[in-house]
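Okay, structure first, notes after.
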Amino acid sequence: MRAALILAAVLTAGAAQAQEADPAPRWMGAVEKTEAHLTYAVPESDEVELSLNCTRKTGQIRIFFPVEERLAETLRGSTWLDKVGRPAPWPVSVTVASGAQSTTVRGEAHPDELAGGSSISVELTDRAPVMQAFAKTGELRVSALGTTVAVPPAPRRDASRLVRACR
């Protein structure tokens, strides 16, 4: 009987760990006194697929997302260099799209030491047509270095709230 109880406890713990090990990403956000953010990620982990944030009332929205391509080649001191010796961050073209609205702007690639690829950042005005479309639909796709990140639409209420908070 005792062995059966121990086996049941081990199986239950294993099933719980399996569920905890593979939680699904979801939209999470908050509007605070000085900042606002909206992130599509696995809760309580470093697994972020897309993140938007701003300092409130600045009119600027920052977007971050990981890509698989690794630009970092060599670590010299505390500075990462690409294959031609340029220090991070590296300029990249980033396409941001929501529905039919799309824009391509200059962004930056940073070394992503956790995932081994690169982390992309770009900044847009809250008044950009693509950000206005995002506020209405919650849809957002971003592309850089051959990777497109397309996540499920954010709740429209949350998308609109973020863009309004950034104004």
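The values are calculated or read from the model by the stated rules, or taken from the named source; none is laboratory data. Values in this document were obtained by computation on a predicted structure and should not be read as measured data. Quick reminder, even Gly has a Cβ in these numbers, built from the backbone with ideal geometry, and neighbours come from all protein chains shown.
I'd like to verify a number: residues in region 87-116 that are in contact with a Leu (Cβ under 8 Å, 6 or more places away or on another chain) and within 22 Å of Pro129 (Cβ to Cβ), how many?
Result for region 87-116: 6.
Could you grab the pairs with beta carbons closer than 7 Å, sequence gap of 6+ or different chains, first residue in region 68-91 and touching a residue at least 60 places away in the same chain (Cβ under 8 Å), second one surrounded by 16 or more Cβ atoms within 10 Å (Cβ to Cβ) and part of a strand (DSSP E or B)?
Partner pairs satisfying both residue conditions: Glu69/Ser118; Leu71/Trp90; Leu71/Ala109; Leu71/Ser118.
Got at least one residue in region 105-115 being over 16 Å from the mean Cα position of the chain (by Cα), surrounded by 13 or more Cβ atoms within 10 Å (Cβ to Cβ) and outside any helix (DSSP H, G or I)?
Yes, that holds for at least one residue.
Conditions tested, residue by residue: (1) within 13 Å of the chain's Cα centre (by Cα); (2) part of a strand (DSSP E or B); (3) surrounded by fewer than 17 Cβ atoms within 10 Å (Cβ to Cβ); (4) of a type in the set (A, V, I, L, M).
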| site | (1), (2), (3), (4) |
| --- | --- |
| Trp27 | yes, yes, no, no |
| Ala36 | no, yes, no, yes |
| Thr39 | yes, yes, no, no |
| Cys54 | no, yes, no, no |
| Phe65 | yes, yes, no, no |
| Leu71 | no, no, no, yes |
| Ala97 | no, yes, no, yes |
| Val122 | yes, yes, no, yes |
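Does Ala133 qualify as being small (Gly, Ala, Ser), modelled with pLDDT of 95 or more and within 15 Å of Asn53 (Cβ to Cβ)?
It is false that Ala133 is small (Gly, Ala, Ser), modelled with pLDDT of 95 or more and within 15 Å of Asn53 (Cβ to Cβ).
What number of residues in region 73-95 are among the polar types (S, T, N, Q) and part of a loop (DSSP other than H, G, I, E, B)?
1
Being of a type in the set (Gly, Ala, Ser) and either in a strand (DSSP E or B) or in contact with a helix residue (DSSP H, G or I) (Cβ under 7 Å, 6 or more places away or on another chain) (or both) is the filter here, so list the residues in region 124-152 that pass it.
Within region 124-152, Ala135, Gly138, Ser143, Ala144, Ala150 qualify.
Could you list, in sequence order, all residues of region 42-66 that are within 18 Å of Gly116 (Cβ to Cβ), in contact with a Pro (Cβ under 8 Å, 6 or more places away or on another chain) and of a type outside the set (Val, Ile, Thr)?
Ser45, Glu47, Glu49
Filter region 57-71 for residues that are touching an Asp or Glu at 6+ places or on another chain (Cβ under 6 Å) and either under 23 Å from Thr34 (Cβ atoms) or aliphatic (A, V, I, L, M) (or both) and give the result.
Result: Gly59, Gln60, Ile61, Arg62, Leu71.
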